[in-house]
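Q: Sharing a structure here in structure tokens format.
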Amino acid sequence: MELPLGPGAEVYGFGLQFLSFNQRGKKKVARVNADPKMDAGDSHAPVPFYITTQGIGVLIDTARCATFYFGEARPRPENATDSVSGASPAPNYTHNLQDGDAGKITVDVPVAGGVDVYLFGGPDMLNVVKRYNAFSGGGHVPPEWGLGFWYRYDARATQQTALEMAQEFRERKIPCDVIGLEPGWQTHAYSCTFVWDKTRFPDPAGFVRSAGEMNYKVNLWEHAFIHPAKRGQEGF
């Protein structure tokens, strides 16, 4: 499908994107990837929703790995000798937003006979987001600490080293609301036992309690797959 864009319009959204913010001129594929390395659209949580600076939001209602061309795609020349005006071989070429070229957004949804498209009008970007949020069911306001500063220790952390660093944050007045532990807190990770490694954390309850006394919340890195060693163990 093809959707209009507009001269100078910029494009944002598309879910959790680590490597870019403004998507105009880019090609993005809505594909789940736990460890994206390139700015190709892969993400922990891609969402086929975008918003433009013209105050327009668009949701493509599909769970397929749809491909989005945000403003730079040009039709294939009918003849081999024809050229595409303004085309560039650079993979991350962003079209000149000042040249008056309106551009368009092309969406390729594979193996689908049709798709529902939802349009959200602003007139500004803030109201587009509000309407999209309401359409999606709204949601509760998260606690302030959940929106605060997080620090995650590496997998080699122990109960002692983690609490020492947490105390140092407080002494140095370094803001931090949540301290997280990499999968090393478990007896086995990837896949996970969900059981505390007592060699690293001999007193899990004491660790959580000590962190709370310093006004920290504790976050534990988990993984969906359960290791067979979990069977017969306590602490799940």
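A short reminder: the numbers here are calculations on the coordinates, not readings from a lab. This is a predicted model, so every value here is computed, not measured. FYI the Cβ positions are ideal-geometry reconstructions off the backbone, even for glycines, and counts take in every protein chain you see.
Q: Pull up the range 149-164, narrow it to residues that are in contact with an Asp or Glu (Cβ under 6 Å, 6 or more places away or on another chain) and not small (G, A, S), then point me to the one that is surrounded by the fewest Cβ atoms within 10 Å (Cβ to Cβ).
A: Here the residue is D154.
Q: Looking at the range 119-148 only, could you name the residues that are under 20 Å from the mean Cα position of the chain (by Cα), surrounded by 11 or more Cβ atoms within 10 Å (Cβ to Cβ) and among the small types (G, A, S)?
A: Across the range 119-148, the qualifying residues are S136, G146, G148.
Q: Identify, please: which residue in the range 14-53 is touching a Pro at 6+ places or on another chain (Cβ under 9 Å) and touching a residue at least 40 places away in the same chain (Cβ under 8 Å) and is, among those, surrounded by the fewest Cβ atoms within 10 Å (Cβ to Cβ)?
A: K27
Residues are listed down the side, and each one gets a yes or a no for (1) touching a residue at least 12 places away in the same chain (Cβ under 8 Å); (2) hydroxyl-bearing (S, T, Y):
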{"position": "E171", "(1), (2)": "no, no"}
{"position": "I174", "(1), (2)": "no, no"}
{"position": "G180", "(1), (2)": "yes, no"}
{"position": "G184", "(1), (2)": "yes, no"}
{"position": "T187", "(1), (2)": "yes, yes"}
{"position": "V195", "(1), (2)": "yes, no"}
{"position": "D203", "(1), (2)": "yes, no"}
{"position": "S210", "(1), (2)": "yes, yes"}
{"position": "L220", "(1), (2)": "yes, no"}
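Q: Checking A166 against (1) in contact with a strand residue (DSSP E or B) (Cβ under 6 Å, 6 or more places away or on another chain); (2) within 24 Å of A34 (Cα to Cα), which single condition isn't satisfied?
A: The failed condition is (2).
Q: Counting just the residues of the range 3-56 that are assigned to a strand (DSSP E or B) and among the charged types (D, E, K, R), which one comes out nearest to N133 (Cα to Cα)?
A: K28
Q: Can you run down the residue pairs with Cβ atoms below 9 Å, 6 or more apart or on separate chains, where the first is in the range 105-129 and assigned to a helix (DSSP H, G or I) and the partner is exposed (fewer than 14 other Cβ atoms within 10 Å of the Cβ)?
A: Note: pairs meeting the criteria are N127/G121; V128/G121.
Q: Tally time: how many residues in the range 145-193 are within 16 Å of F207 (Cβ to Cβ) and of a type in the set (F, W, Y)?
A: Adding up the residues that qualify gives 4.
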